[in-house]
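Student: Just passing along the structure, written as structure tokens.
The values are calculated or read from the model by the stated rules, or taken from the named source; none is laboratory data. Just so you know, these numbers come straight off a predicted model, no measurement behind them. With ideal geometry, Cβ positions are generated from the backbone for all residues, glycine too; neighbour counts draw on all protein chains shown. Side chains included, ligands, DNA and RNA excluded: accessible areas come from the protein's heavy atoms. Shrake-Rupley method; radii C 1.70, N 1.55, O 1.52, S 1.80 Å.
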Amino acid sequence: RDTAGFSSILHSEPIHLTHSSVIQDIGVASVSVGGSVTLQCYYNSTQVASHYSWYRQRLGGSPTVLSTIYKFDTPSKMVSLEKHPRFAVQRQEGQNHLHITNVQPQDMALYFCGSSHNNIVEFGEGIFLNSISKHVTQEPTLALAVPGSSVTLNCSVRPGTCTEDHSVYWLKQGSELGLLHTHGSRCKPHGPKSGAQSCRYHLQKHSVSKGDAGTYYCAVASCGEVLFGNGTVLQVSDPNDVHIVVLVWLSIVRTGVLLLLISMSVKKTNKKVKKTTKQTKTKKQNLMSQGQVE
């Protein structure tokens, strides 16, 4: 099986109309082998499209149709696919979700949700179904940076049963999934020499900007399979924004303290007035009882 097609899949753009009415999950969906996953797809129920479909594009292959539903068929919550018994479509008004049970390694592929009308097919952005693997790990899980600084993301690849050379890709998930960098099969050994050593790869970003924020994935292609890491979230925040937030909170605290002091002062004054009034009333009552009222 060919792994070179992975790069072409990442670079390819889905065919869609200028104003897409199909909205689906994008980026990477991670699931354990044997687990279940639901890939969500929404559409405008008032659009003219009459057929709604799911397509799968495996590594190095072409998109194939998994399911097609006619808009005016009787709605049902779950429709199983004859050729794919582990796949089912969750269909309701305005949605066409794909549910996969007992996920297998061969299910790892790119999935597109689409709609069609008058021989015009419109696709969503696509989502890559990823198998959670202990062979590919990333660190850190969260990276914090400020504009203009540098950051290094790490990816460790442990040797598995596959003896073929592997290729390593770095991808960023922001508004869409895009290929950033490719490593060859050169390995930088890491770990104890006595045991199986892992290969370490790095992605360095200099002069970071807010546009670099997003989730970065390390993907390893080998023996016809693609394994993704757990992902690293890069957050880029301007120190000035932090200062503004601090000033806002200080202002809120100061206002709260002032209100508390005013409330205590008013309460104390009211208490003093009540005490004075009570003393005057008592004194007047005493005078009246003694017949000395003027």
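Student: When the residues of region 223-238 are narrowed to those that are in a strand (DSSP E or B) and modelled with pLDDT under 85, which ends up farthest from Ser30 (Cα to Cα)?
Tutor: Here the residue is Glu225.
Student: Scan region 266-288 residue by residue and report those that are among the polar types (S, T, N, Q), at pLDDT 70 or above and open to solvent by 90 Å² or more (accessible area, probe 1.4 Å).
Tutor: Residues satisfying the conditions do not exist here.
Student: Restricting the search to region 87-138, which residues are open to solvent by 30 Å² or more (accessible area, probe 1.4 Å), at pLDDT 90 or above and touching a strand residue (DSSP E or B) at 6+ places or on another chain (Cβ under 8 Å)?
Tutor: His99, Thr101, listed by residue number.
Student: Kindly evaluate Cys218 against the criterion of being modelled with pLDDT of 65 or more, touching a Cys at 6+ places or on another chain (Cβ under 9 Å) and at positive phi.
Tutor: Spelling it out, it is not the case that Cys218 is modelled with pLDDT of 65 or more, touching a Cys at 6+ places or on another chain (Cβ under 9 Å) and at positive phi.
Student: Given (1) farther than 25 Å from Gln24 by Cβ; (2) at pLDDT 90 or above, identify the lone condition not met by Cys162.
Tutor: The one condition Cys162 does not meet is (2).
Student: Identify the residue in region 49-68 that is at pLDDT below 80 and hydrophobic (A, V, I, L, M, F, W, C) and, among all such residues, is most open to solvent (accessible area, probe 1.4 Å).
Tutor: Filtering region 49-68 for residues that are at pLDDT below 80 and hydrophobic (A, V, I, L, M, F, W, C), the one most open to solvent (accessible area, probe 1.4 Å) comes out as Leu59.
Student: Could you figure out which of (1) modelled with pLDDT under 85; (2) in contact with a strand residue (DSSP E or B) (Cβ under 6 Å, 6 or more places away or on another chain); (3) open to solvent by less than 50 Å² (accessible area, probe 1.4 Å); (4) not aromatic (Phe, Trp, Tyr) isn't true of Val31?
Tutor: (1)
Student: Quick check, is Ile262 of a type outside the set (Ser, Thr, Tyr) and either assigned by the TED database to the domain that holds Pro105 or modelled with pLDDT under 75 (or both)?
Tutor: no
Student: Here is a follow-up. Does region 176-196 include one or more residues that are modelled with pLDDT of 80 or more, surrounded by 14 or more Cβ atoms within 10 Å (Cβ to Cβ) and under 26 Å from the mean Cα position of the chain (by Cα)?
Tutor: no
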